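The values are calculated or read from the model by the stated rules, or taken from the named source; none is laboratory data. All values derive from a computational prediction rather than experimental measurement. Positions of Cβ are generated from backbone atoms using ideal geometry, with glycine treated the same way; all protein chains shown enter the neighbour counts.
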Amino acid sequence: MAGRVALITGAGTGIGRAASLALAARGYRIALAGRHAETLEAVGAQVEIEGGEALAVPTDVTDPDAVRALFDAAVDRFGRVDLLFNNAGTNVPGVPLDQLSYADWRAVIDVNLTGAFLCLQNAFRVMKAQRPGGGRIINNGSISAHSPRPNSSPYTASKHAITGLTKSASLDGRAFDIACGQIDIGNAGTDMALAMTKGVPQANGAIAVEPVFDVTLVGEAIAYMDSLPLDANVQFMTVMATKMPFVGRG
């Protein structure tokens, strides 16, 4: 796996950072994309310490020109892209559906769905043209790609749509040796999941503390998915805290 080129969005924190460090430990060269240059540079420094090579590219994934420039920068630096981890995502505070503003709906859909599509589209562009051709795309779905939390319509809709995007890309990529899969993560121990340890709303109206698990294990899962040859694919993987209320939720 040493020398492979990965492009990771949302790389500055949380799951993206964990994936970057796991791949760095295996000798990957990594293009790090995210909104904030300072956090990307900090992760890039850690990538280098772990034995990888890093390129930090501040990027707004909702901007088609910026996404194209991101992929072009990765190719200019590393020559190709073997793996896209389509990880960038956002959320808004949960409110009843009828009280959700259009601006908040768009904010989530634009990043989580349109941003993922733009990155996937550019990955196809690059992977079809490079020699040897092909590559792997891993979309970050979520437990919410299967089952919603209360008052989560924009996030849940975006993650259900990611599943459809994953299936379409998996089908459309077959002829070009582009393998596309999805990882659905439940309660990884990141800053975003901090609320889980304090109590979050449940489907029955109760507030309950939920377990979390070590986010570094997500990075290991990503590394496993990309360790397979392109004639094999993890189509869907769920990695979650064992005792979180997912199976039986509601």
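Is it true that L7 is closer than 18 Å to M225 by Cα and modelled with pLDDT of 95 or more?
Details: closer than 18 Å to M225 by Cα: yes; modelled with pLDDT of 95 or more: yes.
So L7 fits the description; yes.
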**Message:** Test of understanding: among G14, G89, which residue is under 23 Å from V239 (Cβ atoms), surrounded by fewer than 24 Cβ atoms within 10 Å (Cβ to Cβ) and out of contact with any His (no Cβ under 7 Å at 6 or more places or on another chain)?
**Reply:** G14
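When the residues of the range 89-98 are narrowed to those that are closer than 16 Å to R149 by Cβ and not small (G, A, S), which ends up nearest to the chain's Cα centre (by Cα)? Don't jump to the end; show me each part of the working.
Initially, the range 89-98 is screened for residues closer than 16 Å to R149 by Cβ, giving 89-97.
From the residues that got through so far, the ones that are not small (G, A, S) too are 90-93, 95-97.
On the way: T90: 11, N91: 14, V92: 18, P93: 20, V95: 25, P96: 27, L97: 26 Å.
Filtering first and then ranking leaves T90.
Got at least one residue in the range 25-39 being assigned to a helix (DSSP H, G or I), of a type in the set (V, I, T), more than 19 Å from the chain's Cα centre (by Cα) and more than 30 Å from G205 (Cα to Cα)?
The answer is no, given that none of the residues of the range 25-39 is assigned to a helix (DSSP H, G or I), of a type in the set (V, I, T), more than 19 Å from the chain's Cα centre (by Cα) and more than 30 Å from G205 (Cα to Cα).
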**Asked** Quick one: is P154 surrounded by fewer than 20 Cβ atoms within 10 Å (Cβ to Cβ), touching a residue at least 24 places away in the same chain (Cβ under 8 Å) and not aliphatic (A, V, I, L, M)?
**Response** no
**Message:** Taking the conditions exactly as written (at positive phi and exposed (fewer than 12 other Cβ atoms within 10 Å of the Cβ)), does G205 satisfy them or not?
**Reply:** yes
**Item:** The listed residue being surrounded by 17 or more Cβ atoms within 10 Å (Cβ to Cβ), under 30 Å from K128 (Cα atoms), at pLDDT below 95 and out of contact with any Gly (no Cβ under 6 Å at 6 or more places or on another chain), out of A193, A145
**Value:** A145
